[in-house]
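The values are calculated or read from the model by the stated rules, or taken from the named source; none is laboratory data. Being a predicted model, the structure only gives us computed values, none of them experimental. The area values use the complete protein model at the heavy-atom level, side chains included, leaving out ligands, DNA and RNA. Shrake-Rupley method; radii C 1.70, N 1.55, O 1.52, S 1.80 Å.
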Amino acid sequence: MSRRPIATRPVLYSVIISVFVVAANYAFSVVFVGLDYLKTYIVPETLVPILLAVPVAVIAARQRRRIYRLNCTLQDMVDHDGLTQLKSRQYLLNNVKVAAQENTVVMMIDVDHFKALNDTHGHQAGDRALQHMARIFADCCRTEDVISRYGGEEFVIVLKDSDLSAAALIAKRIRKTLAKRPLETSEGSIALTVSIGISLLRDGDDMADALVRADTAMYLAKKKGRDRVEMEGAA
């Protein structure tokens, strides 16, 4: 949405209304009073509506700009997770449109032993761990990939124009990067690992369908020992 129409419409509306009022007043004066009256009062009757319209237009434009900026801020808060600044779950489910012919892959990621991390090092360390994860995901993915915090310690990455092999390489890159870059705290380094489930969008799928299969694969990865990647349909 452009800010220019938001800023100029109130001025334009006020000018149009002022011109309409002036023209109507002239017509009324000519018909019911006569040209002599119109010639005498043409200046004040032209200036007064315009002088009244300008400050009203300026105030209206400022208010509309303020409301527009507030709406942008609120929308940004809805679209992004406040802690990690990744896309939010609501944004993922409502705004990411995918189709099977686009070769879309969905990755469900869960931080291993996150509750133990919170219990041992505190929730502040847990929050830092999630932020650390978010930076690593961004470093390992393409700019066009959608990375979202799905809830708690779960993340979802949507890869368009991709396939299972490419997704597996990204997942491997994430695990390797995490191994090389532990979370540094005042108490020392904290090793972080993730379990990843990967699902390919099929014909007739929507996002929810792919997420269910990716989630099932992710729980299989946890069941098999964590810190690993599983594809949908794996036994």
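Descriptive notes on the structure:
- Our note on the geometry: Cα centres of segment 119-178 and segment 212-230, 15 Å apart.
- In order along segment 122-136, the Karplus-derived 3J(HN,Hα) couplings, from 6.51 cos²θ - 1.76 cosθ + 1.60 at θ = phi - 60°, round to x, 5, 5, 5, x, 5, 5, 5, 5, 5, 4, 4, 4, 5, 5 Hz, and Gly and Pro are given as x.
- For Asp227, nonlocal amide neighbours, meaning residues 5 or more places apart or on other chains whose placed amide H falls under 5 Å from its own, are Val194, Ser195.
- Stretch gain in nm, segment Asp161-Asp139, where the contour uses 0.36 nm per residue and the Cα spacing is subtracted: 6.1 nm
- In order through segment 158-172: 3J(HN,Hα) via Karplus (6.51 cos²θ - 1.76 cosθ + 1.60), integer Hz, x for Gly, Pro: 10, 10, 8, 6, 9, 8, 5, 5, 5, 5, 4, 5, 5, 4, 5
- Rolling a 1.4 Å probe across all protein chains gives Met77 an accessible area of roughly 130 Å².
- Straight-distance crosslink candidates among lysines, where the alpha carbon sits under 23 Å from Lys224 and sequence neighbours closer than 8 are dropped: Lys115, Lys172, Lys176, Lys180
- Per-residue surface analysis assigns Glu144 an accessible area of about 110 Å², computed on protein heavy atoms at 1.4 Å probe radius.
- Antiparallel DSSP beta bridges within segment 138-235, percent to nearest 5: 75
- Apolar share of the accessible surface for segment 69-203: 48 percent from carbon plus sulfur atoms, 1.4 Å probe.
- Placed amide H near Val146: partners under 5 Å, 5+ positions off or other chain: Val158, Lys160
- A simple rule links phi to the HN-Hα coupling: the Karplus curve 6.51 cos²θ - 1.76 cosθ + 1.60 with θ = phi - 60°, which for segment 75-83 gives 5, 5, 5, 6, 7, 10, 6, x, 7 Hz, with x for Gly and Pro.
- Computed extension length for Met77-Val58: 4.0 nm, one decimal, from 0.36 nm per residue of separation with the Cα-Cα distance subtracted.
- Ranking Tyr91, Tyr219 by solvent-accessible area of protein heavy atoms (1.4 Å probe, all protein chains present), from largest to smallest, gives Tyr219, Tyr91.
- Area of Phe114 that stays accessible when all protein chains are in place (1.4 Å probe, Å², to 10): 20
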